[in-house]
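For reference, the structure discussed in these notes is given below.
Every read-out reported here was derived from the displayed coordinates using simple, explicitly stated rules and does not represent laboratory data. These numbers were taken from a predicted model, which means no experiment stands behind them. Positions of Cβ are backbone-derived with ideal geometry, glycine not excepted, and every protein chain shown enters the neighbour counts.
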Amino acid sequence: MTQIKMTVNGKSATADVPDNTLLSEFLRENMRLTGTHVGCDTSQCGACVVHVDGRAVKSCTVLAASLEGADVTTIEGIANGKDLHPMQAAFKANHGLQCGFCTPGMIMSGIDMVNRYQAEGQALTAEAIRHELEGNICRCTGYHNIVKSIEDAADEMSGMAQAAE
Amino acid sequence: MYQTKYHKPASIDDAVAALAVAEDGKVLGGGQTLLPTMKQHLASPTDLVDVGGISGMADISVSDGCLTIGAGARHADVAASSVVRDAIPALACLAGGIGDPAVRSMGTIGGSVANNDPAADYPAAVLGLGATVVTNTREIAADDFFEGMFTTALEEDEIITAIKFPIPSSAGYSKFPNPASRYAMVGVFVANGGSGARVAVTGAGQDGVFRADSMESALSSNFSAGSLDGTSLDADGMMADIHGTAEYRAHLVSVVAKRAVTSAV
């Protein structure tokens with residue numbers, strides 16, 4: 001067992017966990033944050049993507065014990081109260097989901113790619129979005145509406161970033 | 001995943017000590033191969049020694065015509081590093097094409113090189129650039145390091161600390177990814193430097209990454225895609241599976257090698 005202390009969605013979380021506990025298990029079973037989905041267990045589908053210290057990672061492929069002091073954000077932590085995050089709002093507006101299983105991972109990956117491209121001053125084109133979604137699998141939508149959602153959200157987030165400056 | 005004991009040493013010495021007393025210890029880098037392997041019960045180390053907490057292990061620097069990348073440097077950091085982009089752009093480009101963005105957030109160069117997956121990208125760069133693998137005890141030339149599929153010259157409990165890449169005049173990498181797994185079916189790294197051209201091929205060989213001698217000779221006299229027109233690789237020794245025959249892969253090596261030369265900067 002290892003005692004871990006990390007920040008999850010802005011709140012301190014402490015637990016004693018078996019050393020082989022995956023971050024996805026810790027989030028879902030200890031924290032009861034079941035928005036993070038586990039779709040494949042082979043590190044391919046991306047439904048479990050969360051942010052660790054500002055980077056998108058597959059939570060099914062990280063040991064909770066290795067994250068002492070880390071800052072973790074899950075799908076439950078991105079809205080501002082009742083106001084959806086622009087990425088969530090864009091998925092809703094563009095019908096970027098059907099069954100919704102992959103959606104938490106799509107949204108967390110979407111936010112990560114927009115942040116990275118904007119930090120580098122690069123344009124996030126539809127083609128770039130498709131490449132960036134290499135590690136997120138959706139079995140319903142054919143991806144068109146997911147790509148549209150991320151494009152729309154990128155515009156919205158860019159406006160927010162400019163307004164904040 | 002079976003039970004395991006997690007260690008996070010603060011120094012290489014502590015990591016070596018933890019491995020020495022472990023019944024069946026393994027070094028944990030970014031975990032993007034090891035953890036999935038453990039989840040599938042294909043590996044069950046008694047102890048995991050995470051080298052991610054050792055300071056200085058992820059440093060990237062250039063000196064005396066040599067680019068040194070710490071073993072703990074993550075693929076995303078190598079891809080985004082202005083130092084790597086300036087010194088060996090092909091290497092930054094290669095790192096940016098490994099796996100997917102979330103895998104690149106975690107996976108490390110040391111982990112990839114130590115694992116020597118026959119379809120991994122980094123072994124092609126290490127061999128193609130004639131790099132040196134630095135460990136806690138010695139330095140190993142790339143030509144002596146890769147010993148076959150998932151096999152390297154590393155001793156038990158030996159830990160890679162950095163990779164030193166001589167900076168070539170130009171280099172390029174191109175791969176043909178398997179459409180489903182996205183691992184390289186064929187990946188070719190070409191480099192043109194002081195002592196001639198080097199060509200390393202990943203994904204295709206039965207024994208993992210290898211150098212293509214005939215292509216190196218052709219490119220050493222004239223480093224251009226056209227020089228490769230007369231060269232071909234023997235299908236003997238090429239991997240054959242449901243995704244492609246040995247002949248198909250041998251042909252693909254020529255095609256991808258030309259693309260790599262064309263892309264070289």
(request) Find out how many positive minus negative residues lie around B:PHE223, taking Lys and Arg as positive, Asp and Glu as negative, among other residues whose Cβ is under 15 Å from that of B:PHE223. (result) +1
(message) Skipping prolines and chain starts, which residues have an amide H placed within reach, meaning under 5 Å, of the one on B:THR161, given they are 5 or more residues away or on another chain?
(response) B:VAL134, B:THR135, B:ASN136
(request) May I ask which of A:LYS11/A:LYS82; B:LYS5/B:LYS164; A:LYS92/B:LYS175; A:LYS58/B:LYS5; A:LYS5/B:LYS26 have a Cα-Cα span longer than 27 Å here? (result) B:LYS5/B:LYS164; A:LYS92/B:LYS175
(message) Along its three principal axes, how long is the stretch B:121-265 when you only count alpha carbons? Whole Å, largest extent first please.
(response) 43, 38, 24
(request) Collect residues whose amide H, placed 1.01 Å from N in the peptide plane, falls under 5 Å from the amide H of B:GLY107; neighbours closer than 5 in sequence don't count. (result) B:HIS75
(request) Please find, in a Gaussian network model of chain A (springs between Cα atoms separated by less than 10 Å), the residue of A:MET108, A:MET87, A:MET31 whose mean-square fluctuation is greatest. (result) A:MET31
(request) Within a 10 angstrom radius of each residue's Cβ in A:56-68, how many Cβ atoms of other chains show up on average? Whole number is fine. (result) 6
(message) With +1 on the Cβ of every Lys and Arg and -1 on the Cβ of every Asp and Glu, and nothing else charged, how large is the dipole of chain B about its Cα centre, in debye rounded to the nearest 20?
(response) 940
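Can you tell me the FRET efficiency between B:GLU156 and A:ARG32 if r is taken as the Cβ-Cβ distance and R0 is 51 Å, rounded to the nearest 0.05?
0.75
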(message) Around B:ALA80, under 10 Å between beta carbons, what's the net of Lys plus Arg minus Asp minus Glu among the other residues?
(response) +2
(request) Could you check which residue among B:ALA71, B:ALA184, B:ALA218 shows the biggest mean-square fluctuation in a GNM of chain B with a 10 Å Cα cutoff? (result) B:ALA218
(request) Would you mind checking which residues have amide H under 5 Å from B:GLN206's amide H? H placed 1.01 Å from N; only 5 or more apart, or other chain. (result) B:MET238, B:MET239
(request) Could you please report the charge total around A:LYS148, scoring K, R as +1 and D, E as -1 over all other residues with beta-carbon less than 15 angstrom from its beta-carbon? (result) -4
(request) Let me have the 222 nm mean residue ellipticity of chain A computed from DSSP H runs of 4+ only, each contributing -39500 (n - 2.57), with the sum over all residues rounded to the nearest 500. (result) -10500 deg cm²/dmol
(message) Multiplying the sequence separation of A:ASP83 and A:ASP155 by 0.36 nm and subtracting their Cα-Cα distance, what value in nm do you get?
(response) 24.2 nm
(message) Please list 3J(HN,Hα) in residue order for the stretch B:247-257, calculated via the Karplus relation 6.51 cos²θ - 1.76 cosθ + 1.60 where θ = phi - 60°; whole Hz, with x for glycine and proline.
(response) 4, 4, 5, 4, 5, 4, 4, 4, 4, 6, 4
(request) With a cut-off of at most 15 other beta carbons within 10 Å, and DSSP calling the residue loop, which chymotrypsin sites (Phe, Trp or Tyr not before Pro) in the stretch B:112-201 qualify? Please list them. (result) B:PHE150
(request) Report the FRET efficiency, 1/(1 + (r/R0)^6), for B:ASN222 and B:ALA180, where r is their Cβ-Cβ distance and R0 is 25 Å, rounded to 0.05. (result) 0.10
(request) Apply the Karplus parameterisation 6.51 cos²θ - 1.76 cosθ + 1.60, with θ equal to phi minus 60°, to every residue of the stretch A:87-94 and state each ³J(HN,Hα) to the nearest whole Hz, in sequence, with x for glycine and proline. (result) 5, 5, 4, 5, 5, 5, 5, 9
(request) Round to the nearest 0.05 the FRET efficiency obtained for B:ALA240 and B:SER169 when R0 = 60 Å and r is the Cβ-Cβ distance. (result) 0.95
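Based on DSSP H runs of at least 4 residues, each adding -39500 (n - 2.57), what is the mean residue ellipticity at 222 nm of chain B after dividing by all its residues, to the nearest 500 deg cm²/dmol?
For chain B, the value works out to -8500 deg cm²/dmol.
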(request) Output ³J(HN,Hα) for the stretch B:140-150: one whole-Hz value per residue in order, computed from phi by the Karplus curve 6.51 cos²θ - 1.76 cosθ + 1.60 with θ = phi - 60°, and x for Gly and Pro. (result) 10, 5, 3, 4, 9, 7, 8, 10, x, 3, 6
(request) Could I have the simple spin-label model distance between B:GLU247 and A:GLU68, label points 7 Å from Cα toward Cβ, reported in nm to one decimal? (result) 5.9
(request) Quick one: among A:GLU127, A:GLU68, A:GLU151, which has the greatest mean-square fluctuation in a GNM of chain A with alpha-carbon springs under 10 angstrom? (result) A:GLU127
